[in-house]
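First comes the structure, then the notes that go with it.
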Amino acid sequence: MTRSVPIAQVSSESLRGLPGYWIRSLADSWLEPAELARVVDAPLADLHAEWLAARAAERRVRNRWLALRGNAALLRGLAWFGVLALLASLPRLASIGLGALVFPLGLFWMLALAIEPGPIEPVLRDATIIDLWRKPEPVVLPVTARPRPPKPLPPSDRGHADTRGWHRPSRRAPASAHPQRWLDSGSGLGARPPADSRSARE
Amino acid sequence: VTRKSRKVERLPRVSPKELVILQLLGEHGPQYGLWLVQNSAGLLKRGTVYVTLGRMEDKGLIESFLEKRDPSASGLPRRFYRLTHAGVAVVRAVELAQALLHRPEMVR
């Protein structure tokens with residue numbers, strides 16, 4: 001808050017030709033009268049007093065040096081004032097920025113809550129969720145039991161009956177090779193079996 | 001006990017430059033900015049002393065007035081600064097605090 005200060009009622013035109021005239025004219029356009037009186041007019045008044053005293057003493061070099069130095073100090077003071085004003089307004093700027101950030105986010109959140117869909121059916125939910133990273137499981141087809149072919153019967157050594165009812169020996173071994181048949185054939189004990197049956201047994 | 005009665009009054013913050021200005025004005029009476037710069041032994045600068053004076057004016061430690069001069073005189077009138085009652089109190093408080101810090105036997 002800037003307190004009210006006494007302001008010199010001096011027109012800008014009356015300062016023409018004095019040092020700091022252009023700076024004061026520029027600052028007059030963007031500073032309030034109280035700030036102008038405090039930040040610009042106060043140092044300018046001291047500069048004018050010094051400068052006029054040097055001019056009265058006809059010290060030209062000092063006159064120019066005072067004008068140069070006074071203008072530099074005036075600009076430095078204005079820059080310092082601007083920095084302090086910016087620092088003083090930082091909390092207000094921060095609050096504005098925070099409000100500008102929080103308000104749209106809050107509005108978005110409220111809208112999102114308002115249009116949030118209710119719970120959906122599990123079937124639809126599973127159908128809509130596509131897990132791209134899940135490895136697909138192999139498809140297992142149902143296996144039906146097929147009828148197995150009948151097992152072939154082992155060849156019989158007993159032979160088989162032919163169409164006339166006569167007993168026919170097996171093709172795999174001659175009848176003399178079977179020990180029982182050899183006994184039944186009446187060869188008698190002690191007789192040597194035929195050579196073909198011995199070789200078949202071996 | 002109300003909340004207001006429990007509220008502690010904050011002491012005014014005074015920077016070293018402000019303290020120099022307060023002490024100079026307290027010793028020599030009303031002065032203008034350039035005089036303060038020239039008599040501060042280099043502690044105050046031309047470019048920043050007027051901003052500091054304005055801040056102290058906002059705090060209520062000093063007040064300013066324009067010099068009375070002939071209206072036909074060229075240039076701007078000088079702005080003089082003097083201590084307010086609050087400024088005088090701050091100067092005395094600081095002087096007392098410095099004395100107590102340097103002479104602890106004064107503290108009972």
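The values are calculated or read from the model by the stated rules, or taken from the named source; none is laboratory data. This one's a predicted model, so the numbers in the text were calculated from it and none came from an experiment. Using ideal geometry, Cβ is built from the backbone for each residue, glycine included, and neighbour counts are taken over all protein chains shown. What goes into the accessible areas is simple: the full protein's heavy atoms, side chains included, and nothing from ligands, DNA or RNA. Shrake-Rupley method; radii C 1.70, N 1.55, O 1.52, S 1.80 Å.
Things to note:
- Residues of region A:24-35 include at least one that is more than 7 Å from every other protein chain (Cβ to nearest Cβ), without any contact (Cβ under 8 Å) to a residue 24 or more places away in the chain, open to solvent by less than 60 Å² (accessible area, probe 1.4 Å) and aliphatic (A, V, I, L, M).
- Residue count, region B:62-108 (criterion: outside any helix (DSSP H, G or I) and among the small types (Gly, Ala, Ser)): 5
- Residue within region A:46-56 that is open to solvent by less than 70 Å² (accessible area, probe 1.4 Å), more than 9 Å from every other protein chain (Cβ to nearest Cβ) and either over 23 Å from B:Thr52 (Cα atoms) or not β-branched (Val, Ile, Thr) (or both) present: yes
- Number of the exception - A:Gln9 against (1) surrounded by fewer than 11 Cβ atoms within 10 Å (Cβ to Cβ); (2) among the polar types (S, T, N, Q); (3) within 60 Å of the chain's Cα centre (by Cα); (4) within 12 Å of chain B (Cβ to nearest Cβ): (3)
- Boolean, A:Pro43 is more than 10 Å from chain B (Cβ to nearest Cβ) and within 20 Å of B:Glu63 (Cβ to Cβ): no
- Within the set B:Ser74, B:Ser64, the sole residue that is surrounded by fewer than 20 Cβ atoms within 10 Å (Cβ to Cβ), small (Gly, Ala, Ser) and closer than 20 Å to A:Asp41 by Cβ turns out to be B:Ser74.
- Residue, most open to solvent (accessible area, probe 1.4 Å), within region B:16-40, restricted to residues that are under 22 Å from B:Ala93 (Cβ atoms) and over 10 Å from the mean Cα position of the chain (by Cα): B:Glu27
- Checked against (1) assigned to a helix (DSSP H, G or I); (2) more than 12 Å from the chain's Cα centre (by Cα); (3) within 26 Å of A:Val83 (Cα to Cα), B:Leu43 passes all but condition (1).
- Flag if A:Ser14 is facing chain B (nearest Cβ under 10 Å) and loosely packed, with under 13 Cβ neighbours inside 10 Å: yes
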